[in-house]
1. Of the peptides 184-192, 53-61, 134-142, how do they stack up when ordered by the mean number of other Cβ atoms within 10 Å, highest first?
2. Give me the angle, in degrees from 0 to 90, between the Cα long axis of helix 421-432 and the longest principal axis of the Cα atoms of the chain, rounded to the nearest 10.
3. Among Leu166, Leu147, Gly133, flag the residue with its Cα farthest along the positive direction of the charge dipole of segment 105-172, charges on Cβ as +1 for Lys/Arg and -1 for Asp/Glu.
4. What does the charge dipole of the chain about its Cα centre add up to, to the nearest 20 debye, if the Cβ of each Lys and Arg holds +1 and the Cβ of each Asp and Glu holds -1?
5. Which value, in debye to the nearest 20, describes the size of the charge dipole of segment 357-458 about its Cα centre when Lys and Arg Cβ atoms bear +1, Asp and Glu Cβ atoms bear -1, and nothing else is charged?
6. In the calculated pair distance distribution of segment 134-240, what percentage of Cα-Cα distances lie above 16 Å?
7. Please report the net charge: other residues with Cβ closer than 14 Å to the Cβ of Leu430, K and R +1, D and E -1.
8. Rounded to the nearest 0.05, what FRET efficiency is calculated for Phe84 and Asp410 with R0 set to 51 Å and r the Cβ-Cβ distance?
Amino acid sequence: MDYELFVTPGLGDNSYLVVSGDEAVVVDPQRDAWRFLAVAGARKLHVRYVLETHVHNDYVSGALEIRAAAGAEVAVPAGGRYAFPSRGVAEGDELRVGALRIVAWETPGHTPEHLAWLVYEDGARDPVALFSGGSLIAGSAGRTDLLGPEHTDQLTRAQFRSLRRLAALPPSTRLLPTHGAGSFCTATVGAMERTSTLDVELATNPALAAREEDTFVRQQLTGLRAYPAYYAHMAPINRAGPVVLRRLPVVSERAPDDVARRLEQGVLVIDARGRRAFAEAHVPGSINIELDSTFGTYVGWLTPFNSPLVLVLPEPAREARDEAVTQLIRIGYERVEGYLGLEAWQASGRPTRSYPIAGVDDLCHAYLQGRRIQVLDVRQQVEWDTGRVPGSLHIHLGELPARVQEVPRDREVWTACASGHRASIAASLLDRAGVPVRLVAEGGVPEWLARCYPQQREA
């Protein structure tokens, strides 16, 4: 079996192009499916099928993009309640691609309808590979709480049984999961490796170590991280079938007058520049979400779903535009109305806002001096539980828009996280709300605990 792995870092997900002869299948593609099609085209492959392991909660599927472009048949879990024409697949159903036989196994847990796909080379008794989706993954397993507390216990127990079944496959079977490191769909952080083998997982994966079902349930539901708000919208879109785009939408530069009018109509400005540049000058009311691999995730976490947006971009602007729009369409944000150059905004005479920044040493100095400041810690609960700046206020970043009124306004608020990235988003949200703010731009609470807390205890 020949395959190509496509990693989407910001989502923490894998997709696969599986090849036999001149035929291919794509497994769990994201919406920007032209990247898979480009490789298939370069290799002169006929894409026969798109295989889905489950109804995805973290991205919009690209299955219909591939069907529209290549005529591939879309094979989905029969229990997924898909509303568009597709091939519903259940336990034991088989597909043939070149010399490969691909067999569906029902593996509920991550979702009720979840399938795994076993790949057999022609005539072989044992599978050569397992496309495990969100069941067994490298170093962990898919989380089981995404559909709400009323389903969590039942799904976690189903996940236990599914993992036991998969673990009984031959140890040499190649494990090719969809979710992995960086995905909020995993129960724990897991391994950094994107793929694995069953013998490695049997020796190292904590999700396979629990022999009793009740022990597994407690283990899998302890210390779960908060997950992005946009997840609630993905399954309905994927069941209904997303709009087929065929290519990356074209987004144009907008004049300052045009942006000003759109702001009056409720359009949000997302500034994707670096945190220091944003702190120095930004459009009033804009939100700073730096353009890294997690850009789309945080836009989807912190803004009303599919809000109309105008972007402020780092240079080179056109490359940044394409990356930002790609990440946004992956999570169903289709209303990017343009992008703005900050220099043009300033040249038009319109006002900008700014706020000060600090480092961990500055925070330490302010704390030891007893200055009247408020530290706002926006890390996850599991991070907060490992240590914090005494007297700090904890509001997870994802909850901050709804809880901003809890932040005091009678003193300067210093936003902090682990590295400065989430703190920069929080600082922009506070500035937008009129709270006096200072951003701890580099480093964060772990560094403060290592360097400043010992000094404080000495004093």
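Each reported figure results from applying straightforward, stated rules to the coordinates on display, with no laboratory input. Nothing here was measured: the structure is a model prediction, and the numbers come from that model. Glycine gets a Cβ as well: all are built from the backbone with ideal geometry, and neighbour counts include every protein chain shown.
1. 134-142, 53-61, 184-192
2. Computed tilt is about 50 degrees.
3. Projecting each Cα onto the dipole axis, the largest value belongs to Leu166.
4. 600 debye
5. Values: 12 positive and 13 negative charges, 41 e Å.
Roughly 200 debye, rounded to the nearest 20.
6. Details: 3261 of 5671 pairs.
Taking all Cα-Cα pairs of segment 134-240, the fraction more than 16 Å apart is 58 percent.
7. Numbers: positive: Arg275, Arg353, Arg403, Arg409, Arg411, Arg422, Arg432, Arg438; negative: Asp377, Glu399, Glu406, Asp410, Glu412, Asp431.
With Lys, Arg at +1 and Asp, Glu at -1, the neighbours total +2.
8. According to the calculation, E is roughly 0.40.
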